1. Apply the Karplus curve 6.51 cos²θ - 1.76 cosθ + 1.60, θ = phi - 60°, to the phi angles in the range 42-48 and return the couplings in whole Hz, x for Gly and Pro.
2. To the nearest 500 deg cm²/dmol, what mean residue ellipticity at 222 nm is calculated for the chain from DSSP H runs of n ≥ 4 alone, each contributing -39,500 (n - 2.57), summed and divided by the residues?
3. Go through the cysteines of the chain and tell me which have no other cysteine Cβ under 4.7 Å away.
4. If you stretched the chain out fully between Asn43 and Thr86, how much longer would it get, using 0.36 nm times the residue separation minus the C-alpha to C-alpha distance?
5. Give me the extension gain from Glu72 to Thr98: residue separation times 0.36 nm, minus the current Cα-Cα distance, reported in nm with one decimal.
6. List the chymotrypsin sites (Phe, Trp or Tyr not before Pro) in the range 68-101 that DSSP assigns to loop (not H, G, I, E or B) and whose Cβ has at most 12 other Cβ atoms within 10 Å. Which are they?
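Quick note: the coordinates plus some simple rules give every number you see, no bench work behind them. In this text, all values refer to a predicted model and were calculated from it rather than measured experimentally. All Cβ positions, even for glycine, are placed from backbone atoms using ideal geometry, and neighbour counts span all protein chains on display.
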Amino acid sequence: MFGSCAQTFLASCYQPDTSGTCTDQNDTVSWSDGHKYISSGANAGMYGPGDTTPCVTIVVQGGNITATKGNEVLKYAPDQTSGKATVTCPTGSSFTATFAQVTAFNRCVGVNCPGN
């Protein structure tokens, strides 16, 4: 996941200071620097400090996630049977990652609080 289109996709949009503190409650991860990630509902997405609209919108359908930033779309499709997910990049190329890789990536980029 590191060095992939997923990391590039978040660049300049969702980059919380993960050396700060965060809380994870009610489907929202909030960082002390003002970044937040709302994982469900009408306002689902990734927000920079002070943003009133998400810089990345998130739509979750049946476990699949579609993330949109401007004209770019990134898709995440988990397969519970294999324990892997397919990530489709905005360019149309794709790769697979284990759930452990996805979890580690999400913690490092601030989608999840450390320890969650």
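1. Each residue's phi maps through the Karplus curve to give 5, 9, 4, x, 10, 10, x Hz.
2. -4000 deg cm²/dmol
3. Cys108
4. Roughly 13.0 nm would be gained on extension.
5. So the chain would gain 7.0 nm between Glu72 and Thr98.
6. Working: sites: Tyr76, Phe95, Phe99; in loops: none.
Filter output for the range 68-101: empty list.
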